[in-house]
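Colleague: Next up is a structure, given as structure tokens.
What follows draws every value from the coordinates through simple rules; no lab data is involved. Note that the structure is predicted; figures quoted are calculated from it, not measured. Cβ: placed from backbone, ideal geometry, glycine included. Neighbour counts: every protein chain shown.
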Amino acid sequence: MTSALVNKQFRLAARPVGMPKNSDWSVTTEPVRDIVDGEIVVQSIYLSLDPAMRGWMNEGKSYIRPVAINEVMRAGGIGKVVASKSTKFAVGDYVSGATGVQNYWVGAADDKTAAFYKVDPKMAPLPKFMNALGMPGMTAYFGLLDVGMPKAGETVVVSGAAGAVGQTVGQVAKQKGCRVVGIAGGKDKCDFVVNELGFDACIDYKGGSVKDGLKEHCPNGVDIYFDNVGGEILDTVLTRINMKARIIICGAISQYNNTTPVKGPANYLSLLVNRARMEGIVVFDNAARFPEAAAEMGKWMAQGKFQTREDIVQGLDNFPDTLLMLFEGKNFGKLILQVAQE
Ligand SMILES: NC(=O)c1ccc[n+]([C@@H]2O[C@H](COP(=O)([O-])OP(=O)(O)OC[C@H]3O[C@@H](n4cnc5c(N)ncnc54)[C@H](OP(=O)(O)O)[C@@H]3O)[C@@H](O)[C@H]2O)c1
């Protein structure tokens, strides 16, 4: 019997204009229904808070359908199976999948949208499966290696350097023998990526000019730019790229809360002059190859060559304010909301 369990849920109440507001959410509670054959109940433990969630709140065509009004907000999660009538998962298994912003997920164990798979807390602490060993890590790994095609000695620049994707991009590029320059907001984040993660340099875009920083730290130009932020930073990097440079369009967080049209790069003719390439990526396209990437990064972690930082905030009720941290640069590492104990 699971009906004694109470499920609190954050639902999308309105499509935000600019930054999401508290009134864009509604909170509902309902008992967890009893399950039938083939179904499971997953108790959420960690919820992954991602910049992409802002895009999912908008109407319009994208790589995934928008969250509908009154629907439980979509989110990746790691949880524990607390009831099972499926042979796929047993009670006590830890799973990763799209649990949504709620305490309990209920449905078919093989639900394609939730896409649950087992994670092993003995292999790595569970939050790591939301960072380098999860979606952001896969984005970084395949975006950099498949689209960036780094060669030893090349210069790689990555924005959002202290964030979930950025941390992994820089460390994978170091493993491939590249010179790595991060761009991040603030001295603490810059110190972290240089002193803890081993980047060669980091430009504090809040404390000085990105253009001057690129001149100083990329004296031989930029061969690969992994763009997490878009806007003015993308435009500035475009002025410093080399012949045949590769620019990976991973995200444009500086534009997600715009109330005016997205600002495209004014300096795009630099692509023509330098016979360079700009290419977008969507992490899910590489799903079949995730185990290969997780195995390689897991090996580097075990060898002490690779580390990640998570920023874990407590409490489901804090979801609306915690999500905003991403757009205010207040998260330091992969942003995770813990909603239950392991
Ligand atoms: N294409 C894909 O499949 C895919 C998958 C995952 C993520 N992404 C994208 O990758 C990017 C990074 O995601 P993440 O999960 O790793 O987030 P994150 O970097 O951990 O967190 C977001 C960071 O963005 C920076 N930021 C916020 N507003 C900014 C602005 N106006 N200008 C410059 N930087 C700003 C902040 O860092 P600072 O303090 O340094 O400013 C903030 O901490 C996002 O654009 C996301 O949408 C794409």
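Colleague: Can you tell me the orientation of helix 290-302 relative to the chain, as the angle in degrees between its alpha-carbon axis and the longest Cα principal axis, to the nearest 10?
Modeller: 70 degrees
Colleague: Before rounding to the nearest 500, sum -39500 (n - 2.57) across all DSSP H runs of length at least 4 in the chain and divide by the residue total; then give [θ] at 222 nm in deg cm²/dmol.
Modeller: Working: 9 runs with 74 residues, N = 342.
My calculation for the chain gives -6000 deg cm²/dmol from helical runs alone.
Colleague: What order, most packed first, do the peptides 57-70, 118-131 have when packing is the mean number of other Cβ atoms within 10 Å of each residue?
Modeller: 118-131, 57-70
Colleague: Please figure out what share of the DSSP beta bridges in the chain is antiparallel and state it in percent, rounded to the nearest 5.
Modeller: Bridges in the chain are about 55 percent antiparallel.
Colleague: In addition: So how compact is the chain: Cα radius of gyration and Dmax in angstrom?
Modeller: Rg and Dmax of the chain, Cα atoms, are 20.5, 66 Å.
Colleague: Would you list which lysines come within 26 Å of Lys299, measuring only between C-alpha atoms, while excluding same-chain residues fewer than 8 positions from it?
Modeller: Lys80, Lys118, Lys122, Lys128, Lys151, Lys174, Lys176, Lys189, Lys334
Colleague: Taking H placed 1.01 Å from N in the peptide plane, check which residues at least 5 places from Ile45 or on another chain put their amide H under 5 Å from its amide H.
Modeller: So Ile45 has HN proximity to Ile78, Gly79, Lys80.
Colleague: Still on this structure, please answer the following. Alpha carbon centre of segment 254-277 versus segment 88-161: separation in Å?
Modeller: Between the Cα centres of segment 254-277 and segment 88-161 lies a distance of 29 Å.
Colleague: Sort the following peptides by mean Cβ neighbour count (other Cβ atoms within 10 Å, averaged over residues), highest first: 151-162, 83-94, 240-251. Present the calculation step by step, with values, prior to reporting the outcome.
Modeller: Values: 151-162: 23.8, 83-94: 14.9, 240-251: 20.9.
Taking the mean over residues of other Cβ atoms within 10 Å, the ranking is 151-162, 240-251, 83-94.
Colleague: Let me know the Rg and Dmax you get for segment 135-284 when you use only its Cα atoms, in Å.
Modeller: 13.8, 41
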